[in-house]
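*Asks:* Below is a structure I'd like to ask you about.
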Amino acid sequence: MAEKKTVLFIDDNPVDRALINRLLEKNGFSVLLAEDGIKGYKMALEGKMDVILLDILLPGMSGIDLCKTLKKSPATLNVPIIFYTSLDTPKEFIDYTSYGAIDYIQKTTPTEELISAIKAVA
């Protein structure tokens, strides 16, 4: 049996953290949770995740700043990062790849699409 892939989910909303945690576990992932950019950064440097699901609007350190910082660190350089945001800016108008992310998903996106996006890079 294949080892579970681990997703680090960084989001300051406790309801979103609980919902995504349940959704990912139900779909066979292990989940690590952080409620702000600083804690997320520290957890990411421990290097125990396969994918980072990252909110953009975070206290302490924004998701964009965190993404850019993680892409400069040898420990996290190759970990795929997916922005997961409540911002309503359409994906085609966000240059998420310039920050180092591989995808940009709005929180209103159907859960099947979110799971597919994570599985595609995990």
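The values are calculated or read from the model by the stated rules, or taken from the named source; none is laboratory data. From a predicted model like this one, the values you see are computed outputs, not experimental measurements. Note that each Cβ is placed from the backbone with ideal geometry, even for glycine, and that neighbours are counted across all protein chains shown.
*Asks:* Across the range 1-52, what is the number of residues that are hydroxyl-bearing (Ser, Thr, Tyr) and either in contact (Cβ under 8 Å) with a residue 40 or more places away in the chain or touching a Lys or Arg at 6+ places or on another chain (Cβ under 9 Å) (or both)?
*Replies:* The initial filter retains those residues of the range 1-52 that are hydroxyl-bearing (Ser, Thr, Tyr), namely 6, 30, 41.
Narrowing further to those that are either in contact (Cβ under 8 Å) with a residue 40 or more places away in the chain or touching a Lys or Arg at 6+ places or on another chain (Cβ under 9 Å) (or both): 6, 30.
Residues flagged as hydroxyl-bearing (Ser, Thr, Tyr) and either in contact (Cβ under 8 Å) with a residue 40 or more places away in the chain or touching a Lys or Arg at 6+ places or on another chain (Cβ under 9 Å) (or both) within the range 1-52 amount to 2.
*Asks:* Let me ask you something else. If we keep just the residues of the range 4-19 that are buried (at least 22 other Cβ atoms within 10 Å of the Cβ) and closer than 17 Å to GLN106 by Cβ, which is farthest from the chain's Cα centre (by Cα)?
*Replies:* The initial filter retains those residues of the range 4-19 that are buried (at least 22 other Cβ atoms within 10 Å of the Cβ), namely 7-11.
Applying the additional criterion that residues be closer than 17 Å to GLN106 by Cβ yields 9-11.
Working: PHE9: 5, ILE10: 6, ASP11: 8 Å.
Step by step, filter the range 4-19, then rank; the result is ASP11.
*Asks:* Pairs under 9 Å by beta carbon, first residue in contact (Cβ under 8 Å) with a residue 40 or more places away in the chain and more than 18 Å from ASN78 (Cβ to Cβ) in the range 94-122, partner small (Gly, Ala, Ser) and surrounded by 13 or more Cβ atoms within 10 Å (Cβ to Cβ), six or more apart or different chains?
*Replies:* Here the result reads LYS107/SER86, each pair linking the range 94-122 to a residue that is small (Gly, Ala, Ser) and surrounded by 13 or more Cβ atoms within 10 Å (Cβ to Cβ).
*Asks:* Kindly establish whether LYS72 is over 14 Å from the mean Cα position of the chain (by Cα), modelled with pLDDT of 95 or more and on the phi < 0 side of the Ramachandran plot. Outline the logic, then answer.
*Replies:* Numbers: over 14 Å from the mean Cα position of the chain (by Cα): yes; modelled with pLDDT of 95 or more: yes; on the phi < 0 side of the Ramachandran plot: yes.
When the stated conditions are applied, LYS72 passes them.
*Asks:* Across the range 24-46, what is the number of residues that are surrounded by 15 or more Cβ atoms within 10 Å (Cβ to Cβ) and basic (Lys, Arg)?
*Replies:* Here the count works out to 1.
*Asks:* Still on this structure, please answer the following. Out of the range 79-91, which residues are modelled with pLDDT under 95 and part of a loop (DSSP other than H, G, I, E, B)?
*Replies:* Passing the criteria: SER86, LEU87, ASP88, THR89, PRO90.
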